[in-house]
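Before any comments, here is the structure.
The values are calculated or read from the model by the stated rules, or taken from the named source; none is laboratory data. Just so we're clear, the structure is a prediction, and the values are computed from it rather than from any experiment. Cβ atoms come from the backbone with ideal geometry, glycine included; neighbour counts cover every protein chain shown. The protein model used for the area step is the full one, side chains on, heavy atoms only, and it has no ligands, DNA or RNA in it. Shrake-Rupley method; radii C 1.70, N 1.55, O 1.52, S 1.80 Å.
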Amino acid sequence: MADIVDIAVNTEGFSTLVAAVKAANLVETLKTPGPFTVFAPNDAAFAKLPPGTVQTLVDNPPQLARILTYHVVAGKLTKADLSQVDSVDSVEGSPISINCADAFEVKNATVIAADIEADNGIIHVIDNVILMG
């Protein structure tokens with residue numbers, strides 16, 4: 001089975017995320033056994049950011065890495081697992097609110113594809129980039 005990085009690289013709609021992960025030097029980390037749960041913003045989610053934001057972040061790898069690691073949780077958590085909790089702690093260290101009451105929501109994002117299995121974890125595709133705070 002492919003790992004999280006390979007799935008993102010080989011799936012249409014993740015070119016911005018893949019470029020950001022490479023710029024933040026997180027490829028090797030996300031290829032380790034993990035397991036990880038990744039809330040993966042698609043290209044449309046990145047496109048919602050103000051103009052120039054992605055380039056500014058790519059030019060600042062530490063800040064970019066902090067934002068990207070906020071989208072990652074240690075462990076392999078399915079939608080069913082996440083529906084049992086109100087929040088999870090990101091690898092970055094800040095909590096991420098979870099709401100599965102109506103839709104499957106992660107902070108200010110809606111999960112548009114859940115439970116994509118990877119060799120080293122699970123991916124949930126989200127429609128917004130989520131930020132700490």
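For the range 96-119, backbone nitrogen atoms closer than 18 Å to the point 7 Å from LEU131 Cα along Cα-to-C-beta are found at 96-97, 106-110. Taking amide hydrogens as placed 1.01 Å from N in the peptide plane, the amide H of LYS107 sits under 5 Å from those of SER97, ILE98, ASN99, each at least 5 positions away in sequence or on another chain. Which of the GluC sites (Glu not before Pro) across the range 1-99 are loop residues per DSSP, with 15 or fewer other Cβ within 10 Å? Of the GluC sites (Glu not before Pro), the ones in loops of the range 1-99 whose Cβ has at most 15 other Cβ atoms within 10 Å are GLU12. Residues whose amide H lies under 5 Å from that of ALA2, counting only those 5 or more places away or on a different chain, are ASP119; hydrogens are built 1.01 Å from N in the peptide plane.
Look at the alpha carbon pairs under 8 Å that are at least 6 residues apart: their mean separation over the length of the chain gives a relative contact order of 31 percent.
Under a model in which nothing but the beta-carbon of Lys, Arg (+1) and Asp, Glu (-1) is charged, the range 74-133 shows a dipole of about 60 debye around its Cα centre.
Here's the picture: charge each Lys and Arg Cβ at +1 and each Asp and Glu Cβ at -1 in the chain, and of GLN63, GLY75, VAL9 the one pushed furthest to the positive end of that dipole is GLN63.
Note on the chain: Lys pairs 8 or more places apart or on different chains, Cα atoms under 20 Å apart, count 5. Heavy atoms only, probe 1.4 Å: what % of the accessible area of the range 39-104 goes to carbon and sulfur, would you let me know? Roughly 54 percent of what the probe reaches on the range 39-104 is carbon or sulfur. Dipole orientation for the chain: of the candidates THR37, ASN108, GLY52, GLY52 has the Cα lying most toward the positive pole (charges on Cβ; Lys, Arg +1; Asp, Glu -1). Think of a 1.4 Å ball rolled over the protein heavy atoms: the range 1-111 then has 52 Å² of accessible area per residue.
The label point for VAL9 and the one for ASP102, both projected 7 Å from the Cα toward the Cβ, are 4.0 nm apart.
About the centre of its Cα atoms, the chain shows a dipole size close to 280 debye [charges on the beta carbon of Lys, Arg (+1) and Asp, Glu (-1) only; nearest 20 debye].
With each label modelled as a point 7 angstrom along the Cα→C-beta vector, the ASP86-ASP43 pair spans 3.9 nm. When the square roots of the Cα gyration tensor eigenvalues are ordered a ≥ b ≥ c, the ratio a/c for the range 20-95 is 1.5 or more and a/b exceeds b/c, which makes its shape prolate.
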